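Here's the structure we're looking at; comments come further down.
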Amino acid sequence: MHVERSVKLVTEQHNIPKPSPMPDFPMKEWSVKIYVLDQQGNEHPATCFTKVVYNLHPSFEDKTHQTFSEPPFTCSNEGWGEFEMSIDMFTTEKGGKSTIYHDLNFQSPRYENVQTVTFKNPSQALLAILRETGPIPNDDDSKATAKARKANDLKKKKAVCDFEKMADGLNKLAEDDLLHVIQMIHDHKNEDTYTKNDIDAGEFTVDLFTLPDNLAKMIWDFMVDIKAV
């Protein structure tokens, strides 16, 4: 399966009062940010990427390759020259790297560049993120189908634990116990586990039905021990 999304690069630049090695070219402070667009053209945090590497002009020497791991993956620098950079965007998928090229120029204080990125055979966890910005090919998963699948998953996992009781118990955990559970999920999740960490809102979300059986049992046993279920 191939899923396409539009990625928008937003570049901003302005003059700064610093001496330039080229008198005819003033020093600039510039930045590049990355967003994902939905079908209506609205910007969304590019959470489909876990890491972005900007490959700048060799004149940046030890700062030629700059890595960022939080959206919007802002790359800010100072300089006087225009150049083309390559940008490597990584997902958690095996071989999940997309490379795009961006022309850094100083013609306007702010400009945008939209490019298409293709995700090849994304995992269920990545598909869940991509659904936030558009449809998935062959994704006819209606509400009725989703409900039936969820019931089937619950039936399969019934021997491991009671997910309804687990969900209810998690909402009632003390902060230290909840942090312990979140750490367990971080340490033992697999590529199919869907999690979302909204640092600004202070919220952590996990789809319990995507937990591997060993992790689900680990969390269940912990909650039984502290009498949370």
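The values are calculated or read from the model by the stated rules, or taken from the named source; none is laboratory data. None of these values were measured; they are calculated from a predicted model. All Cβ positions, glycine included, derive from the backbone under ideal geometry; neighbour counts span all protein chains shown. Accessible surface areas use protein heavy atoms only, side chains included; no ligands, DNA or RNA. Shrake-Rupley method; radii C 1.70, N 1.55, O 1.52, S 1.80 Å.
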Q) Failed condition for N121, given (1) modelled with pLDDT of 95 or more; (2) among the polar types (S, T, N, Q); (3) open to solvent by 80 Å² or more (accessible area, probe 1.4 Å), with all others met? A) (1)
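Tell me, yes or no, whether the range 24-38 has at least one residue that is part of a loop (DSSP other than H, G, I, E, B) and within 20 Å of the chain's Cα centre (by Cα). Let's see the steps before the verdict.
Quick first cut of the range 24-38, residues part of a loop (DSSP other than H, G, I, E, B) only: 24-27, 38.
So of that shortlist, the ones also within 20 Å of the chain's Cα centre (by Cα) come out as 38.
Yes, that holds for at least one residue.
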Q: Would you mind telling me which numbered condition in (1) open to solvent by 20 Å² or more (accessible area, probe 1.4 Å); (2) of a type outside the set (S, T, Y); (3) in a strand (DSSP E or B); (4) out of contact with any Ser or Thr (no Cβ under 9 Å at 6 or more places or on another chain) M85 fails?
A: (1)
Q. Is one or more of the residues making up the range 209-219 touching a helix residue (DSSP H, G or I) at 6+ places or on another chain (Cβ under 8 Å), surrounded by fewer than 16 Cβ atoms within 10 Å (Cβ to Cβ) and part of a loop (DSSP other than H, G, I, E, B)?
A. yes
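Does D141 satisfy the criteria of being open to solvent by 40 Å² or more (accessible area, probe 1.4 Å), at pLDDT below 85 and not in a helix (DSSP H, G or I)?
Values: open to solvent by 40 Å² or more (accessible area, probe 1.4 Å): yes; at pLDDT below 85: yes; not in a helix (DSSP H, G or I): yes.
For D141, the condition - open to solvent by 40 Å² or more (accessible area, probe 1.4 Å), at pLDDT below 85 and not in a helix (DSSP H, G or I) - is met.
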**Q.** Evaluation of T195 against (1) touching a strand residue (DSSP E or B) at 6+ places or on another chain (Cβ under 6 Å); (2) modelled with pLDDT under 90; (3) polar (S, T, N, Q) (one fails), failing number
**A.** (2)
Q: With respect to F49, determine if the residue is closer than 28 Å to A128 by Cα and aromatic (F, W, Y).
A: yes
